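The values are calculated or read from the model by the stated rules, or taken from the named source; none is laboratory data. Bear in mind the structure is a predicted one, so any value in this text is a computation, not a measurement. Cβ sites come from the backbone with ideal geometry, for glycine too, and all protein chains shown count toward neighbours.
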Amino acid sequence: MIRGIRGATTVHENLENSIVKNTKILVEEMVHTNQVVPEDIASVLISVTPDINNGFPAKALRLIDGWTYVPVMCMKEIEVPNSLEKCIRVMMTVNTERKQNEIIHIYQNEARKLRPDLSQTNKNSN
């Protein structure tokens, strides 16, 4: 079965090391929590708000062992007035036997505000 795993985080500064570090932490928690291995990942889409432009968040995935062949694409999030700033969103499409309600979506930092209903399951995230 193909399922989507959502994740989001924020950075304090528009700096490459912050963008890469926070994306890596997010993605590692997404795969660990949902017991995903790179071979099960069909693709990863990463969007960033317009105020993030000093680095590619996809670079973080290349730092994870075994992720060489995982297709990744970055894009800009649409600009919506008063939306959450400095936000990185991830949509990971995976092959899994888990039911849709068994997928654990990960929201970290200020991004918990995006989906407080789903953030209940990962309150211990950074």
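So the values come out like this:
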| read-out | value |
| --- | --- |
| Verdict on ILE64 being surrounded by fewer than 19 Cβ atoms within 10 Å (Cβ to Cβ), touching a helix residue (DSSP H, G or I) at 6+ places or on another chain (Cβ under 9 Å) and of a type outside the set (S, T, N, Q) | yes |
| Hits in segment 25-64 - residues which are farther than 23 Å from ILE103 by Cβ and among the charged types (D, E, K, R) | ASP51, LYS59, ARG62 |
| Cβ-Cβ under 7 Å pairs, at least 6 apart or on other chains, segment 102-124 side more than 18 Å from VAL48 (Cβ to Cβ) and modelled with pLDDT of 75 or more, far side surrounded by 18 or more Cβ atoms within 10 Å (Cβ to Cβ) and aromatic (Phe, Trp, Tyr) | LEU118/TYR107 |
| Test set (1) part of a helix (DSSP H, G or I); (2) touching a residue at least 40 places away in the same chain (Cβ under 8 Å); (3) more than 18 Å from GLY7 (Cα to Cα) - GLU39 fails condition number | (2) |
| So THR93, is it over 28 Å from MET1 (Cβ atoms), at pLDDT 95 or above and out of contact with any helix residue (DSSP H, G or I) (no Cβ under 9 Å at 6 or more places or on another chain) | no |
| MET1 vs. criteria closer than 12 Å to THR93 by Cα, surrounded by fewer than 21 Cβ atoms within 10 Å (Cβ to Cβ) and aliphatic (A, V, I, L, M) | yes |
| Filter result for VAL44 (of a type outside the set (Ser, Thr, Tyr), surrounded by 18 or more Cβ atoms within 10 Å (Cβ to Cβ) and touching a residue at least 12 places away in the same chain (Cβ under 8 Å)) | yes |
| Matching option when the condition is in contact with a Lys or Arg (Cβ under 7 Å, 6 or more places away or on another chain) and among the polar types (S, T, N, Q), among THR96, THR68 | THR96 |
